[in-house]
Amino acid sequence: MLPYERSLEKLPVDLTATVGFVENGGTVFVQDDTAGTHLHFKPTRNDLRVGDHVRIQGTTTAGLYFPGVDVAQLQLLGHEAPPAAVPASYDDLATGRFHYQRIIVEGLGRTLTPLDENRSLLRLAIGSRVLEVRVDAPLETAPALIDARLRITALAAGGINDRRQLVFPYIRVTDWNDVAITKAAAPPTALPITSVVTLLQFGAADEPHHRARIRGTVLAAFPDGRVFLRDATPPPPPRETAKDAEPHPPQSPSIAIRLTSPVHLTPGQRAEIIGFPIMAGFSASLADALLLATEADAAPLATVVSLKEFQLGSHDADLVHLTTPAVLNDFFRTVDGFELRLTSNGTPLRAFLLQSAPPALEIGATVELTGICLVESSTDKGFRSQAERASLLLRSVDDIQVIHSAPFWTAGRLVIASSILAGLVLLAFIWIAAQRRQISALSSRIVQQATLEERQRIAREFHDTLEQELTGLSLRLDAATTRPLEDKARTLIETSRSLVSRIQSEARNLVADLRDTEQLHDLLSSLREIQARMPPNAPALHLDLHPIPPISGPVSHHLRMIAQEAITNALKHAQATELTLHLSATTHTLTLRISDNGHGFAPAAATTGQPGHFGCMGIRERVRKIGATVDWQSEPAQGTLVTLTLPLALLTP
């Protein structure tokens, strides 16, 4: 009972006990009147025997399940009888109550197989449980143990996991001398032929059940050792039915059998088999069975049943043919073969095909099925257990009869067709979007071309009419200055000549702007040119210009004309004596401001258009065209501030 943590501390041990079992390799199991434990020797020691009375000195070791002793010194005190064995049940062994102690168990020998070269494995039925008995003796020296009542003296042990938990119990035996036969088994041929339906009934036999002998026709045999047999004895009597109740279907005379080792059998053979009756799910079955004899017989016919009768479970382990067709929904590989998922009259159905190659079946096909009925689960209603779900175990792909091929429009094909249609729709939307972009780009080019042609037309008209007339007027003024004139007249003519020259220069710039739509313009140079062309007697124009990003020709032209119009308004209407022109750009916007110290005006009314005055209206139109905003701030005798703000995103060339 020493805790695991304390056993790791290598505590000193001094105890006296008797050897109960010796394991080859240096491990010995001892016990006293309280419990048992295990001893470990380094180097190994092989001179101890069962019954040796010893004194052990050493330190604790954790062990796999509970602490043992790392032996430092061992003193042989003598030899006596082995430790007394105590009777134990399967539950005693499963709880570890007698772990590493000598125990006595009684049961029925079920199977005997080799464990390795010199050891054997006996499976012992104890009530409804089966216990492994590991015997340190070869199989060839074993007595007749199968179906015999046995009394075994052994060491209680078991499989331990990494969490120090007992996974399953087993017992260890030194040799066959510890296995006593209390009642010998009857010879297989001496057993009476037993009806399938009488197995495991009340009063049939004592516990645990001895082997039963069954004779019948082989319905199916599988490589894993499963055999299904239809009983050849007279059929069982019909079940009792209430007066107004629906009659029960006849009980199946078939049984599922698990052979100890697979034997080649074919459907239709008459066979005699002995095995141990067990309850396998819903019906009695035979386990650890042996084939006694076979002879040829007619091929078995499948019992024709409806889907409802199939689900009731009365035909468990029988070969049946479903009258209701089923639709194959899917099939997929499992560990043993393939599982088929079907639907019959809206009811889901499972079938199993034990073969390595996938069946040549189409999803959606309508089929009729023949196979072994297997009740997978049951439920209790009152005192009666009723089948809850049944499946079919197919003998081969020949048990599947296709009566209607799968429709062309299966779920998979519908998904593929829908995917293709969705792809085509998507491509159509992409094509439409691309066409719209192309149409938009084409419309934009058409508008640009029409605009360019119109600008060029206006430029030609300007050049051929106004500029020519101005040139003629300039020549006439030049001619007038050559004649004798009074000083006032000469001054007036020279002033007029200078004005005509400025008008000509503006006209040429306007024509150049109308024709040049793509070249980037230097707005700073254009604004400095406004200052240079101010009249000699005009108020002072102060420039506050900062670097800005490159601007396209049309935008630069509109900004220059807006500045020119604002300055002209200040000179013409405000009687300003000082003007300031500011230009700057931030990360997001460009700002143009024109301020003067004139006598101001009312912006709300004057900038929206008055008869014969279109300057402010022109500024608003130009601002809208380039996507900017403009604001007039003015009060009487307080001057005027015109502020234009243009988003930087619109300044790209």
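Please treat every number below as a calculation from the coordinates, not as lab data. Predicted model, so just to flag it, every value in this text is computed and none were measured. Because the Cβ atoms are built from the backbone with ideal geometry, glycine has one as well, and the counts that use them run over all protein chains shown.
So here's what we get for this one:
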| quantity | calculated |
| --- | --- |
| Stretch gain in nm, segment Ala649-Ser128, where the contour uses 0.36 nm per residue and the Cα spacing is subtracted | 178.8 nm |
| Computed label-point distance, nm, for sites Leu466 and Thr44 using a 7 Å Cα→Cβ extension | 11.9 |
| Ala540-Arg350 pseudo-label distance in nm [points 7 Å out on the Cα-to-Cβ vector] | 10.1 |
| The chain, dipole about Cα centre (Lys/Arg Cβ +1, Asp/Glu Cβ -1), debye to the nearest 20 | 1420 |
| Amide H partners (placed H, <5 Å) of Thr111, local residues excluded | Arg123 |
| Additional length obtainable on full extension of the chain from Ile430 to Arg533, 0.36 nm per residue less Cα span | 31.5 nm |
| With Cα atoms, 0 to 90° folded angle of helix 487-515 axis to the chain main axis | 20 |
| Thr61 long-range amide H proximity, modeled H, under 5 Å | Gly68, Val69, Asp70 |
| Rg/Rh (Cα only; Kirkwood hydrodynamic radius) as it applies to the chain | 1.49 |
| Radius, Kirkwood style, for region 340-479 when every pair of distinct Cα atoms is counted (Å) | 23.8 |
| Full-stretch length increase - Gln73, Lys625 - with 0.36 nm per residue and alpha-carbon distance subtracted | 187.9 nm |
| Point-to-point label distance, Ser377-Asn329, nm (Cα→Cβ direction, 7 Å offset) | 1.5 |
| Backbone HN-Hα couplings from phi across region 217-233 [Karplus 6.51/-1.76/1.60, Hz, Gly and Pro as x] | 9, 6, 8, 6, 9, 10, x, 7, x, 7, 10, 10, 10, 9, 4, 8, 6 |
| Amide N proximity, region 120-163 versus Ser89 label position 7 Å along Cα-to-Cβ, cut-off under 15 Å | 126-130 |
| Sorted by Cβ density within 10 Å, fewest first, the residues Asp522, Asp380, Asp288 | Asp380, Asp522, Asp288 |
| Rounded to 5, percent antiparallel among DSSP beta bridges of the chain | 85 |
| Karplus-derived 3J(HN,Hα), 6.51/-1.76/1.60, for each residue of region 309-324, Hz, glycine and proline x | 5, 4, 7, 6, x, 5, 9, 4, 6, 9, 7, 10, 10, 7, 6, 8 |
| Ellipsoid equivalent to region 86-183 - semi-axes via the Cα gyration tensor, in Å | 21, 15, 12 |
| All lysines inside 24 Å of Lys10 as judged from Cα atoms, apart from same-chain residues fewer than 8 positions distant | Lys42 |
| Burial ranking of peptide ranges 442-451, 535-544, 31-40 (average Cβ count within 10 Å, highest at the top) | 31-40, 535-544, 442-451 |
| Two-site FRET efficiency, Ile193 against Ala299, from Cβ-Cβ distance with R₀ of 22 Å, rounded to 0.05 | 0.45 |
| Least to most buried among Tyr65, Tyr4 (fewest other Cβ within 10 Å first) | Tyr4, Tyr65 |
| Simple Cβ-charge dipole of region 14-124, Lys/Arg +1 and Asp/Glu -1, about Cα centre, in debye nearest 20 | 200 |
| Rounded FRET efficiency, nearest 0.05, which uses the C-beta distance separating Lys308 from Ala360 and R0 of 25 Å | 0.25 |
| Stokes-Einstein D in µm²/s, Kirkwood radius over Cα pairs - region 4-79 at 10 °C with 1.306 mPa s viscosity | 129 |
| 222 nm mean residue ellipticity, helices alone, for the chain (DSSP H n ≥ 4; -39,500 (n - 2.57); rounded to 500) | -7500 deg cm²/dmol |
| Region 439-448 - phi-based ³J(HN,Hα) in whole Hz, Karplus 6.51/-1.76/1.60, Gly and Pro as x | 5, 4, 5, 5, 4, 5, 5, 5, 4, 4 |
| Within straight-line cross-link reach of Lys308, lysines at Cα separation under 27 Å, skipping those fewer than 8 residues along the same chain | Lys243, Lys381 |
| Spatial separation of Cα centroids for region 103-160 and region 402-465, in angstrom | 83 |
